[in-house]
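Single-structure report; data block below.
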Amino acid sequence: MTLIFSGNAFKYELEGVMKLFIPAQLFNHIYTDGTAKCSGDYAFIRRRISKKQALLYVYCSVDGKTARCAQRIPSDTKDFDNQCELILSRLLFKAMSKLSDTEAKWGIITGVRPVKRVNAMISQGKSKSEIYDILQSQYLVSPEKCDIAYMTAMTQEKIIKNLSDKTFSLYISIPFCPTRCSYCSFVSQSIESCGNLIPEYVDNLCREISYTASLVNGLGLVLDTVYFGGGTPTTLSAQQLATIMDVISSSFDMSKVREYTVEAGRPDTITAEKLATIKSKGCTRLSVNPQTLSDSVLEAIGRKHTTQQFFDSYRIAQKTGFDSVNTDIIAGLPTDTFDSFKNTVDGLIQLAPENITVHTLSIKRAARLNHSEEKQSVLKNAAGEMVEYASKRLLESGYRPYYLYRQKNMLENLENIGWAKPGFESLYNIYIMEEIQTIIALGAGGSTKLVDLKNGRLERVFNYKFPLEYNKHFDLMLEKKNEIGEFYAEKE
Ligand code: SF4
């Protein structure tokens, strides 16, 4: 597929729109001031500016079928370039909708955080009907996605409103898993290939925690939430988890911590001893993730655990007594069907965890799935129907959406939604998605986000990605932590 830009170079947004209809493909780009000859499938995206007005025009040719859309705007339109980009995005969306069966319900919103846009409109004082009008007429969002975005923003409102800019959260990365799932694109390493790195990794992580605490404690910041993610943190032994959690408690002031999550993730790593240990060390929220309640789908994605193991781990979690338990599932997994996904949703609702997170499969470049024969059949999965069913059943069962985000290459341009029983929304998940609080990330693959809402500043500090380089260049990486202090010095 070739994208031809004439009189404009709005590549990023327009290519994003095209990917809604033709996902997981590489595009060729041609830039010209006039027309260009092209064979095969292509989209011609033109802006021709004259003294008084600009003609915005899109012509698409796909599989021998063609569609065109055009609009004119005055040349003195306020914010001219951005308006042209927005209109061309809409024109391309409309032209491609004529040629494709794809229903892209988020319209031309291609970014990760659609709710952030809604929150911004709420803080500008816009009413619900004004927000719906903007989402539908400017961004072509479907009524049902407007509902879900608005509901999510409403759940977040009181949490965001009461948030002090003196608070921060801590993310601890444990990038190890028992085996690698076929759809995984995280930095996580399997125990088989990298288990020997763990002892040194735990030592270094503890050093990083102590060092960072010595920097942060002097800045007058208050620790609000802690989140252990990865990977699968419970891949570590009970003793290793206890060591890390002890270093956190002795390094930071824990008295104001409102939420402490450990993403146990894979049921095959969960034991009563590990859960009792993490609970005794302060964990209040646990994530146990079946992804599906179908054994054959689990096998197809390389999870190497069974549905029964999930139920057993869930019972141990219940017995251990956490304030909140989350379970993650994924719509659109290889070999999954609508009926078996429906069983998964119904089965989890029966268990009644405080949180249920419904992801949509996203086929990432680095994932094994992207290079396998299964990819084409996955693209035809009924992910849209699955997500719709989950939303309907969860709403009926008293859950509310509290955070929502999208990723590149998600099936049918869908989204991930965190659902919670009222009062059990995970603070950390809202902070990370809406970018409203500083999150200091420690461990391999950690990406610290420093947030200064008042002045609209957001800076990132990256750790080394893989455990091997994290261990190898540890001292060099530690020096970068000083950027946290520099950021807050500028804030003052
Ligand atoms: S459990 Fe999660 S992090 Fe680990 S391999 Fe599977 S998808 Fe990747």
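The values are calculated or read from the model by the stated rules, or taken from the named source; none is laboratory data. On a predicted model such as this, the values are computed, not experimentally measured, just so you know. Reconstructed Cβ throughout: ideal geometry from the backbone, glycine too, with neighbour counts over all protein chains shown.
Within segment 161-212, how many residues are away from the ligand (no atom under 12 Å from the Cβ) and not in a helix (DSSP H, G or I)?
Number of matching residues: 11.
For V112, all conditions in the list (1) over 30 Å from M477 (Cβ atoms); (2) away from the ligand (no atom under 16 Å from the Cβ) hold save one; what is the number of the exception?
The number of the failed condition is (1).
Among the numbered criteria (1) within 16 Å of the ligand (Cβ to nearest atom); (2) more than 25 Å from Y260 (Cβ to Cβ), which one does D133 miss?
(1)
Could you please give the count of residues in segment 218-240 that are buried (at least 20 other Cβ atoms within 10 Å of the Cβ) and in a strand (DSSP E or B)?
8
Among the residues of segment 315-358, count how many are modelled with pLDDT of 95 or more, buried (at least 19 other Cβ atoms within 10 Å of the Cβ), within 24 Å of the chain's Cα centre (by Cα) and not aliphatic (A, V, I, L, M).
10
Which residue, of D79, D101, D41, is surrounded by fewer than 14 Cβ atoms within 10 Å (Cβ to Cβ) and at negative phi?
Checking each option against the conditions leaves just D101.
I want to confirm something. Restricting to segment 241-262 and keeping residues that are buried (at least 22 other Cβ atoms within 10 Å of the Cβ) and under 22 Å from the mean Cα position of the chain (by Cα), which single residue is farthest from the ligand (Cβ to nearest atom)?
Y260
Tell me, please, whether a residue that is at pLDDT 95 or above and among the hydrophobic types (A, V, I, L, M, F, W, C) can be found in segment 304-314.
The answer is yes; a qualifying residue exists.
Can you name every residue in segment 195-228 that is modelled with pLDDT under 95 and closer than 24 Å to L275 by Cβ?
Hit for segment 195-228 is G195, nothing else.
Across segment 335-353, which residue is farthest from A317 (Cα to Cα) among those that are in contact with a Leu (Cβ under 7 Å, 6 or more places away or on another chain) and not β-branched (V, I, T)?
By that ranking, first place goes to N343.
All but one of (1) within 16 Å of the ligand (Cβ to nearest atom); (2) over 16 Å from Y464 (Cα atoms); (3) assigned to a helix (DSSP H, G or I) hold for L215, so report the exception by its number.
Evaluating L215 over (1) within 16 Å of the ligand (Cβ to nearest atom); (2) over 16 Å from Y464 (Cα atoms); (3) assigned to a helix (DSSP H, G or I) leaves (1) as the failure.
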